[in-house]
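Student: Pasting in a structure now, in structure tokens, and then I'll have a few things to ask.
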């Protein structure tokens, strides 16, 4: 089934949120991948239309992906659209990732630490902060399947079940497009209701450059393996149906269980 997904459709879906971004301290987390690139395209258009400002922040990690040439190539597109990207160097090499049993976990932990360091050193008014993060519908479909498989395996492998539940506590909050947190700041996920083919459609139509150096660890992530299956089968998903299933069958935690978490714990353990 073809989709009419585009900026007008997305804007209409999020109009009530976009109108309230005026005057906020908006920080967008950018990676150069497909999801964050489409979000940046939409947010940059909305910023002009609704009259708000935002800043883009990117952790250049794993190091091997973010060469100076790559960063300049991506920057050149966004500078023309009056968007400046602040790049952060997390490490000098990827050697510690290559020697790790779980490089993806190390990468995620280091990105969380970087974000916490940036925020704690730069944010005075937490109530005015809006964080824009970039997950898609296919991400939460994969989290759902990971949890189902983890629950099945946990009967015979207790440790797998424990790790699966810990992982789900982190990923389940990403089902919610927007969360108003305890200290007053907001976490906004503008792309969580949309399929990968919707996202690639915008990339192609607008000629948006993506980071071209593949992550050497990408095949270790379950969601990358599952995405290949969705593509092969030509699958599309419905956000409302998935959310209803997660609440009924996976005991998806209520949004209030996340909004009450103190920021120190949220950014290191959950985000």
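The values are calculated or read from the model by the stated rules, or taken from the named source; none is laboratory data. Only a predicted model underlies this, so the values are computations on that prediction, with no experimental measurement involved. So basically every Cβ, Gly included, is an ideal-geometry build from the backbone, and we count neighbours across all protein chains shown.
Student: Among the residues of the range 226-236 satisfying the criterion of being more than 18 Å from the chain's Cα centre (by Cα) and closer than 17 Å to residue 35 by Cα, which is surrounded by the most Cβ atoms within 10 Å (Cβ to Cβ)?
Tutor: Filtering the range 226-236 for residues that are more than 18 Å from the chain's Cα centre (by Cα) and closer than 17 Å to residue 35 by Cα, the one surrounded by the most Cβ atoms within 10 Å (Cβ to Cβ) comes out as 230.
Student: Check off (1) surrounded by 13 or more Cβ atoms within 10 Å (Cβ to Cβ); (2) assigned to a helix (DSSP H, G or I); (3) more than 16 Å from the chain's Cα centre (by Cα) for residue 8 and give me the number that stays unchecked.
Tutor: All conditions are met except number (1).
Student: A further question follows. Would you call residue 43 closer than 26 Å to residue 137 by Cα and touching a residue at least 12 places away in the same chain (Cβ under 8 Å)? Show your work before the answer.
Tutor: Details: closer than 26 Å to residue 137 by Cα: yes; touching a residue at least 12 places away in the same chain (Cβ under 8 Å): yes.
In short, yes.
Student: Please indicate, with yes or no, whether at least one residue in the range 85-103 is touching a residue at least 24 places away in the same chain (Cβ under 8 Å) and within 23 Å of residue 199 (Cα to Cα).
Tutor: yes
Student: Another one. Just to verify a result, which residue in the range 16-31, among those that are more than 10 Å from residue 56 (Cα to Cα) and in contact with a strand residue (DSSP E or B) (Cβ under 7 Å, 6 or more places away or on another chain), is surrounded by the most Cβ atoms within 10 Å (Cβ to Cβ)?
Tutor: Our first condition is that a residue be more than 10 Å from residue 56 (Cα to Cα); within the range 16-31, this holds for 16-25.
Still in the list and also in contact with a strand residue (DSSP E or B) (Cβ under 7 Å, 6 or more places away or on another chain): 17, 21, 24-25.
Details: 17: 16, 21: 21, 24: 18, 25: 18.
Only one residue tops the list, namely 21.
Student: Any residue that is out of contact with any strand residue (DSSP E or B) (no Cβ under 8 Å at 6 or more places or on another chain), at pLDDT 95 or above, on the phi > 0 side of the Ramachandran plot and not in a helix (DSSP H, G or I) - is there at least one of those in the range 225-244?
Tutor: No, the conditions are met nowhere in the range 225-244.
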